[in-house]
Amino acid sequence: MGGFFGAISKRDCVLDIFFGVDYHSHLGTRRGGMAIYDKASGFQRQIHNIENTPFRTKFEADLHDFHGCSGIGCISDTDPQPLLVRSHLGLYAISTVGIINNAEQLVETYFSDHGHQFMAMSSGKVNASELTAALINQKDSLVEGIRHAQEVIDGSATILLLTPDSIIAARDRLGRLPVLIGKNDDGCCVSFESFAYHKLGYQDAYELGPQEIVRITADGYETLSPAGKDMKICAFLWTYYGYPNSNYEGVNVEVMRYRNGEIMARDEVAQGRLPKVDYVAGVPDSGLPHAIGFANRSGKPFARPFVKYTPTWPRSFMPANQEVRNQVAKMKQIPVPELIEGKKLLFVDDSIVRGTQLRETVEFLYESGAEEVHMRSACPPIMYSCKYLNFSRGNSDMDLLARRKIQDLEGDEGQQHLEEYADASTERGKCLLRSICEEMGFDSLGYQSLDGLLEAIGIDRDKICTYCWNGKE
C-alpha cells in the first residue's frame, strides 16, 4: 500500500507535512519521503528507508533544513519517492500510490524507440512514479498527461504533483483509494486519511471523485478535470487498512467495523450457528472493533485474552525476513491467563489472507490453556490476489489460504468452483471450512458473507471493489 499528504499555505507548512505524512505510517513500511518548495531556494527533498525505523524518527533530523510554504510527502511500500522531474512541462515533484501491472509493456510501447532510460531499482523493475511521470510528460499539459497515464496504466494510479505554484491531486481512474482536501485559515491540504488533517487544524473541504484532477493553492481548490461516473473503491479501507478515525465516501471506518461485527453475529444467531463461548475477542488491532460489534449483538461478553506488545515492534509486517517476522509476531503476543485458561473463546479477525500468523496465534492460545478457540473472519474468503493495490499480493493466488486448501481438496477442478467454495451454505463451502479448521486448529470457523460486508459499508455496492473475493472487476 502507501499513503500521502500535501499542504500549501500562506505560512511555512513543513511541520504540517511532516506530521501529516507520519500519520500515514500504518500504510507502508519501506520508504518515506518529503519534497518541499520554497520560492527563494526552490525544491528540497529527502527520502529515507523506514523498514527498521519509523518515519518520524528518520525525518526529525531533516526538519531544520526544510523550509517552504508548500510540499508533499508519502509513505511507500514500494518505490523511493517523491521524485523530482524536469521536463517540457516544467519542474515538479511527483508521488504516486497504486500499482502498474503492465510496466514493462508501457516501457516497450512508449519509450523503446526514443533512447529513453529509466533508473532501475534493486529489483530490476522501473520506479512506478518515474514511469508515471514519463507518461505524463508525453502530453502538452499536466492535466492531459495525468489523464493519459491513468488511461494506459493497468492497475491503479493516484497521483500528487508539487509545482512551484500549486499542488495537483488526481484520484485513480476508478477511485480505488480516497483523496480528500482539508482547509484552514492559512491554506489547504490533501490527504489519504482525513483524521491526519483534522489533528492539524484543517476542516473537511472536499472529497475528489474517481478520475477527478484538482489544483490546490493556499487560497482554495479548483477542478481541472471532472470526476468520472464509475467508482470501485477498495472495501479493505473499511475492514482492514483504513485508520479508525477516517471517513471514506461519508462512512466512518470504526463505525463500519462495529456494524460489520453486529451483522455477522445477527446472521449466526439467525442460522443457529453461534457456539457457546465465554468471551468474544478481537485479534489485535484491526479485529477489535469487528469483535466489539459481534459481542454487542450476540450478548457474549467482550474480552482481551491477549494483547500486543508494540513499543519496540509497532508493525507486525516488519521486518522483511519472513522467519524473523514470524518470531516478532509471536514475541508480541502477551497472554492474560485469567481470560484464557479453561475458557471457550471466539476470536474475530479483520481477514484471513495466508493464515501463517493466525495458526501461530491459535497454537499460542491453546498453549496458554484455552479450552476452545473459534475463529471468525470479518470478510469473505480471499480468493484472488489484489491486482489494483498492494494488498493481499503474493507470488501466486495459491499463497492465499482458501485457494491453497481448495487445491488440496479437489485439485485443479476445485479452482473452477471458487464461488461455490466461498458460500458457506454449499457442500463445497462447508468442506472448505472443515478443512481450514483441521489445519489451523479452530473448533469452528466462519466468514462474513459478501452481502453482509457490503451492507456494513452501506454505500452503493456497485461502487465497491470486491475483486479479491469474487474476481469481478
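The values are calculated or read from the model by the stated rules, or taken from the named source; none is laboratory data. All of these numbers come straight from a predicted model, not from anything done at the bench. Neighbour counts are summed over all protein chains in view; Cβ atoms, including those assigned to glycine, are modelled from backbone coordinates with ideal geometry.
Figures for the structure shown
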item: Listing of strands (runs of 3 or more DSSP E) fully contained in region 1-69 that carry 2 or more residues being touching a residue at least 12 places away in the same chain (Cβ under 8 Å), under 29 Å from C386 (Cβ atoms) and within 18 Å of the chain's Cα centre (by Cα); result: 2-9, 31-38
item: Residue that is nearest to the chain's Cα centre (by Cα), among those in region 88-109 that are over 21 Å from L389 (Cβ atoms) and part of a strand (DSSP E or B); result: A93
item: P210 being crowded, with 22+ Cβ neighbours inside 10 Å and either within 24 Å of V97 (Cβ to Cβ) or in contact with an Asp or Glu (Cβ under 6 Å, 6 or more places away or on another chain) (or both); result: no
item: Tally of residues being surrounded by fewer than 17 Cβ atoms within 10 Å (Cβ to Cβ) and either under 17 Å from M331 (Cβ atoms) or among the aromatic types (F, W, Y) (or both) across region 279-301; result: 1
item: Per-region count, region 70-82, residues in a strand (DSSP E or B) and surrounded by fewer than 22 Cβ atoms within 10 Å (Cβ to Cβ); result: 0
item: Condition check for Y421: over 25 Å from the mean Cα position of the chain (by Cα), buried (at least 20 other Cβ atoms within 10 Å of the Cβ) and of a type outside the set (G, A, S); result: yes
item: Some residue of region 25-38 being acidic (D, E), farther than 29 Å from A149 by Cα and either crowded, with 16+ Cβ neighbours inside 10 Å or not assigned by TED's automatic domain parsing to the domain that holds D219 (or both); result: no
item: Filter result for the condition that a residue is of a type in the set (G, A, S) and at pLDDT 95 or above, over G145, G124; result: G145
item: Matching residues in region 312-354 - criterion: being touching a strand residue (DSSP E or B) at 6+ places or on another chain (Cβ under 7 Å), at pLDDT below 90 and basic (K, R); result: K332
item: Qualifying positions in region 250-277 - surrounded by fewer than 19 Cβ atoms within 10 Å (Cβ to Cβ) and either in a loop (DSSP other than H, G, I, E, B) or in contact with a strand residue (DSSP E or B) (Cβ under 6 Å, 6 or more places away or on another chain) (or both); result: G250, G272, R273, P275, K276
item: Residue count for region 181-232, restricted to those that are closer than 21 Å to I75 by Cβ and in a loop (DSSP other than H, G, I, E, B); result: 6
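Residue-wise test of (1) in contact (Cβ under 8 Å) with a residue 40 or more places away in the chain; (2) buried (at least 17 other Cβ atoms within 10 Å of the Cβ).
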{"position": "R428", "(1), (2)": "no, yes"}
{"position": "I436", "(1), (2)": "yes, yes"}
{"position": "M440", "(1), (2)": "yes, yes"}
{"position": "K463", "(1), (2)": "yes, no"}
{"position": "Y467", "(1), (2)": "yes, yes"}
{"position": "N470", "(1), (2)": "yes, no"}
